[in-house]
Each structure stands twice: as C-alpha cells, then as structure tokens.
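Colleague: My questions all concern the structure below.
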Amino acid sequence: VRWAIRGILTRIDLNANANANEADNDNAVVGDSETAAAEAEALSYGFMNKCIPNLNQRVSKLPFDIIPSCVDWESVQVESEDSDSDIMHSLLTDIPFQFDVITTRTGEKVQERRGTSWVVSNDSIGSLAYSGKLMQPQLVPSVVGRAMRQVEKGIIEHDACEDLYDVQVPGSGGTISRNRDYESQLQLCHEEIGEYFDCSLCNHYPNEESACKFHSDPEHGTYWERLTCVVSAGNQDVRKFAFRPIPNENRWSRYESKEAKANKSKYPAGNGNGSPSTSNSSGGEDEDIVPARIPLFPGDLVKMFAECNDVFHHAVYSSLSSGEAKKNTGDGRVSLVFKKAVDRGNGKKGHGRRGEGRRSRRYQ
C-alpha cells in the first residue's frame, strides 16, 4: 500500500512539475530551475511522509525499498551519442544479450525465456554465477554506466529527504529508525571515487509471457556487496514485482514494530481504520508469507540491502494482462540489476573467467 501511494503521489508531482517547467521555459535560468526542482522534490517528500507516517513506520525495518521514478530514462538517453533513438533501442543495441541454455534444479536443460548479459566496469571483475551458469563479463555500455550514476545519486537524495522529512508517529516514542548498512560506503564511493556500482546483470524480457520465478540472488555479502538495485526500462511494459519471506525461514511479522502489532490487534485488517489487509483471497496460504506485489513502471527502482537476499525471495511476473500487453511496442522490457563486487583478496573480484583456472593454465 505504501509503495503504491508513493508511486501515485510521485507521478502526480512529476507531471505537475513538467507542466510548470514548460510554462516557464522561455524565462527560465538553468541554475534557478535546478534549485526549484530540488526544492520541489524535497517538498514532495515532506508531503508524502505527512500522508503515510504509519505506513513508513511499518516498513522501516524491511531490508528492501522501492523508489518511484528514480531513473529518468529520457535524460539518460539525451546524453547518448544516439540521442534521437529511444532508450529501449539503445539498451537492446548496446547490451550483448544471449538466450542461454541452463540447468534447472531437477537437472533438466531448458532455454531461458529471457535474454541475459553480465557487464562490468573494469577487468578486475570476473564472472557471475547465476541460474546454473557462469556468465562471462563484458564491458559496461555507456548507457548502463549513466543509469548507474543516476541510481546512486537518486538513492542518496531519497534517503536524505526521507530522514529530513520523517514525521513522528504519535505514541511511537521517537523518529523512525532505518537499517541502511550501505549508506556511508555508497556516499563515499559516489562522491569521492565517482562510482559505487561496478557491474550489472542485464535481463531482457522480450514478450508479455517472459517472467522470472521466485528466487534470491546468491553470494551477496561474499562476492557482491549486499546493496543491489533493480531498475527497468520498457515501452509501456508494466510488470508486477513481488517479495515474499522465504518459507520456513522468514515471516513478515519479524519486521513489524510493537506499535504496528498493537494496531493490528486493535483494528482488524480491512475494517476501514487504516490498517491494510493482509488476507489472502486464494485461501490456504499463510498470510505471514504471502507475496507483496507492486506494479513497477519504467524508471522505478527496487533497492535490496542488508539480509534481503538471505531471507526474502523476489520475482518478476508476466505482463499485467493481455490488454496491457497489446499496448507494448514489441521490444518488451529490460531490467538492470546493479551490483558492487567485493575484493576477496589480491584484487580478485567475482568468479574466475573462462580460461583462468588451473586446468586451463596447465595447457598454456
């Protein structure tokens, strides 16, 4: 519910700002317009937090978040040499997607329904072990690199505004406490080094049927930093993204505050008193592990951190409906999963590349 409200309010605010900017464009000064945009963004965060303080508190312990409209694909594309093309054309042209044959958990070999590619910013980063395969690295295309920088900046600004405009919930005993284990490293790398994210798993969902089942991303905390982000691009291709606690390992109730648990007892779910319903219409499934689903639009960012990939599954559903699918242009959807490689000693990052193992060296 919180992410849906934030998404709606953000898009209303963006449309209002766009209309205002068009009206004032003839008399605008660049510096003034940038300042006005920053002030408008800060005010919108303040307004949103005033609207949903209880919901902010309820999700504050979760190791994931969604930032609506974090990436402006139009501005990413404007900086491109091929600025006359749309963003999907650039992504599909510049990223070397492949539809690989993978081995399932049962040992069956199947061709992936999505195209994938593993891109890195420098030669020190090796392969990615994912979906039963070892993905060999390619150099990060410039369009992906620009999106990385925009995501880093967007997270830093979002977190700062969220803290600045937090609204204390009556009876909560203080401001909202959030678990951002990545915060100082992200800001230092972005501002001092010029980059935080240095590699990306790129996915191409070519049609409305292609999707990604519930899974968790492996090796975060060992090979890759725990902060990882997903942002998508697509021509009207809106998909539902879902999280669920890993069955028998985690439950939603672990992340509820005492105040939220008390409110749930006081106001039964779905009774109109502001407590969102968690009931499951399909019946039979434990509501404490039922998936939380949210439609993701192009430019929306999913942020996963801390223990997220250890205790939560996530999934990408097929297109919302056949009616929605008919609106697509045929390019489908591209999602970029940004990561930061961990130095495991001696400058080694990621898995070894093909041809670098002991068996390969034996024949060199």
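Colleague: Across every pair of different alpha-carbon atoms, what Kirkwood hydrodynamic radius in Å does the range 88-127 reach? Display every interim value, and only then the final one.
Modeller: On the way: mean 1/r = 0.0815 Å⁻¹.
Taking every pair of different Cα atoms in the range 88-127, averaging 1/r and inverting gives 12.3 Å.
Colleague: May I ask you to give the solvent-accessible area per residue for the range 61-164, in square angstrom, as obtained with a 1.4 angstrom probe? Could you put the intermediate results ahead of the total?
Modeller: Working: 4890 Å² over 104 residues.
Using a 1.4 Å probe on heavy atoms only, each residue of the range 61-164 averages 47 Å².
Colleague: Another question, if that's okay. So how much accessible area does TYR317 have, in Å² to the nearest 10, using a 1.4 Å probe?
Modeller: Only protein atoms counted, so the area is about 60 Å².
Colleague: Continuing with this model, one more query. Using modelled amide H (1.01 Å from N, peptide plane; none on Pro or chain starts), what sits under 5 Å from the amide H of ARG114, excluding residues fewer than 5 places away?
Modeller: Placed amide hydrogens put nothing under 5 Å from ARG114.
Colleague: If the viscosity is 0.692 mPa s and the temperature 37 °C, what translational diffusion coefficient in µm²/s does Stokes-Einstein give for the range 184-265 when Rh comes from Kirkwood over Cα pairs? Before the final figure, lay out each step's value.
Modeller: On the way: Rh = 16.9 Å.
Result for D is 194 µm²/s.
Colleague: Largest first, how would HIS215, HIS314 line up by accessible area (1.4 Å probe)?
Modeller: Details: HIS215 35, HIS314 10 Å².
My answer, sorted largest first, is HIS215, HIS314.
Colleague: If ligands, DNA and RNA are left out, what is the accessible area of LEU134 with a 1.4 Å probe, given in Å² to the nearest 10?
Modeller: 80
The values are calculated or read from the model by the stated rules, or taken from the named source; none is laboratory data. What you see is a predicted model; the values in this text were computed from it and never measured. The accessibility values were calculated without ligands, DNA or RNA, using every heavy atom of the protein model including side chains. Shrake-Rupley method; radii C 1.70, N 1.55, O 1.52, S 1.80 Å.
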